[in-house]
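Some notes on the structure that comes next.
The values are calculated or read from the model by the stated rules, or taken from the named source; none is laboratory data. Everything numeric in this text was worked out from a predicted model, so none of it was measured. No Cβ is skipped: glycine too gets one built from the backbone with ideal geometry, and neighbour counts run over all protein chains shown. The accessibility values were calculated without ligands, DNA or RNA, using every heavy atom of the protein model including side chains. Shrake-Rupley method; radii C 1.70, N 1.55, O 1.52, S 1.80 Å.
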Amino acid sequence: MAQHSNIVGGSTAKRVINCPGSVALVAQMPPKPSSVYADTGTLLHNVIADVLDGKATAQDFLGAVHADVTLDQDLIDNKLTPALAALNEIDPDRQMEYETEVVVGFGDLLPGVFGSSDIVGRIGDTAYIVDWKFGDGVAVDVEENPQLMFYAAAAMRTPAAQWAFEGATKVELVIVQPPYVKRWETTPRRIQLFEKELMQAVKLAQRPDAPLAQGDWCRWCAAKAICPIMTGAADRAMVAALKSVDVADVSDYLKMADQLEGWIKEVRALAMQTLEAGLPVPGYKLVPKRGMRQWVDENKALEAMRAMGVNAMELTEMTILSPAKAEKVLKKHKLALPDDHVVSVSSGNTLASEDDPRPAVLQIGAQLSAALGKLV
């Protein structure tokens with residue numbers, strides 16, 4: 001699936017229009033690693049495009065893999081099937097001419113600005129832009145949706161997609177977010193006005209003093225952690241005394257809290273990414289998360305406790321009990337857990353202040369060697 005440009009794309013259009021200065025800030029950020037949610041979305045987009053192109057049915061793709069995500073029956077039943085049914089609702093008589101995964105851009109008007117529209121289509125005098133939203137989280141509104149207006153405006157400028165808009169008197173923007181279908185009808189003139197607004201924002205973004213602004217578009221901004229507006233809001237929140245808070249302002253503060261929580265999460269993620277890349281973050285380090293005890297060798301551990309006179313039935317379920325559960329059984333017999341059969345394995349790293357008593361990750365080589373030594 002084609003990606004959008006690093007200047008502005010469909011998914012970032014709202015942010016760039018409202019906060020042109022964010023473009024330069026985002027450019028300073030390291031690339032974000034993918035997530036299971038993004039990989040799932042990519043897999044579903046790829047499959048539904050192939051289904052609509054007539055290459056196969058959704059069921060034929062059962063077991064298809066993208067990254068670490070596999071298309072299972074649950075995804076077919078709860079995502080693909082409702083999405084395809086929604087398309088039948090939009091075009092019950094199957095009159096729509098359409099193309100899938102269309103890369104659309106603004107050509108010489110806005111060089112380097114492009115994106116990928118899931119469906120560009122036409123029925124009668126109406127041009128269609130259809131966008132799949134397979135996430136379960138935030139419900140997306142369709143009316144005046146900047147992402148879909150971006151795709152429509154870019155399609156009107158793209159030779160390969162202009163056929164859908166030639167002579168059209170209406171433009172319908174559609175979001176399919178299973179099980180919901182949201183539709184908004186507008187005009188080519190409204191899309192042209194949006195294009196002018198986008199052009200102005202892109203030009204502003206190229207200025208060294210491009211303005212910054214805080215709003216709901218900050219939620220998905222990759223530069224929250226370094227944004228002067230967000231960091232300033234955090235500083236103000238930290239120094240505000242509770243006794244000085246006007247109750248009438250609590251609602252506004254709660255709205256700010258949502259944005260600050262997102263900013264805090266981004267700061268922590270940036271710190272983790274920086275430290276994991278081997279770069280210093282003054283005052284912080286990576287430490288191992290709490291280790292969970294597990295058997296070095298389940299069979300040998302079971303034999304060791306049986307040799308201590310404990311009935312094997314007390315120590316096993318379908319498999320041997322975990323060290324923590326086995327320890328409770330052994331205590332009934334006034335016996336200690338055989339430590340030489342147990343190793344503590346951390347589930348990963350976590351961020352801690354410099355004065356945390358746990359050793360930094362890079363300092364635990366001796367502990368790791370000792371744990372591995374038990375496996376020999």
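Quick look at the numbers
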read-out: Computed accessible area, R306, all protein chains, 1.4 angstrom probe, square angstrom; value: 120 Å²
read-out: Additional length obtainable on full extension of the chain from W220 to D339, 0.36 nm per residue less Cα span; value: 38.1 nm
read-out: Label point distance in nm, A85-S34, each placed 7 Å from Cα along Cα→Cβ; value: 2.9 nm
read-out: Cα-based helix-to-principal-axis angle, 146-157 vs the chain, degrees rounded to 10; value: 50 degrees
read-out: Over 29 Å between alpha carbons, listed pairs K300/K331; K133/K196; K32/K325; K14/K289; K79/K285; value: K32/K325; K14/K289; K79/K285
read-out: Sequence-distant aspartates and glutamates (8 or more away, or on other chains) whose Cα lies within less than 16 Å of K334; value: E314
read-out: Carbon plus sulfur fraction of accessible area for segment 1-56, probe 1.4 Å, in percent; value: 55 percent
read-out: Accessible solvent surface per residue of segment 265-318, calculated while the other protein chains remain in place, 1.4 angstrom probe, Å²; value: 69 Å²
read-out: Under-5 Å amide H pairs with F114, H placed in peptide plane, nonlocal only; value: S5, V8
read-out: E97/E261 FRET efficiency (R0 51 Å; Cβ-Cβ; nearest 0.05); value: 0.65
read-out: Accessible area expressed per residue, segment 29-153, with surrounding protein chains retained (probe 1.4 Å, Å²); value: 48 Å²
read-out: Helix 228-239 axis, angle to the chain major axis (alpha carbon atoms, nearest 10°); value: 50 degrees
read-out: Estimated FRET transfer efficiency when R0 is 41 angstrom, pair E303-E276 (beta carbons, to 0.05); value: 0.55
read-out: Cross-link reach list, aspartates and glutamates versus K224, counting only Cα pairs under 15 Å and skipping chain neighbours closer than eight places; value: D216, D235, D258, E261, E266
read-out: Folded to 0 to 90 degrees: helix 188-205 orientation relative to the chain principal axis, Cα; value: 60 degrees
read-out: Computed helical MRE - 222 nm, the chain, DSSP H runs ≥ 4 contributing -39500 (n - 2.57), nearest 500; value: -11500 deg cm²/dmol
read-out: Heavy-atom accessible area order for K79, K55, K133, largest first, 1.4 Å probe; value: K55, K133, K79
read-out: Efficiency of FRET from Cβ geometry, T70 and D355, R₀ 35 Å, rounded to 0.05; value: 0.20
read-out: Most to least accessible of T12, T169 (protein chains only, probe 1.4 Å); value: T169, T12
read-out: Debye equation applied to the C-alpha atoms of segment 46-100, log10 I(q)/I(0) at 0.29 Å⁻¹; value: -1.26
read-out: Pairwise label distance in nanometres, Q192 with T42, each label 7 Å out on the Cα-Cβ vector; value: 3.9 nm
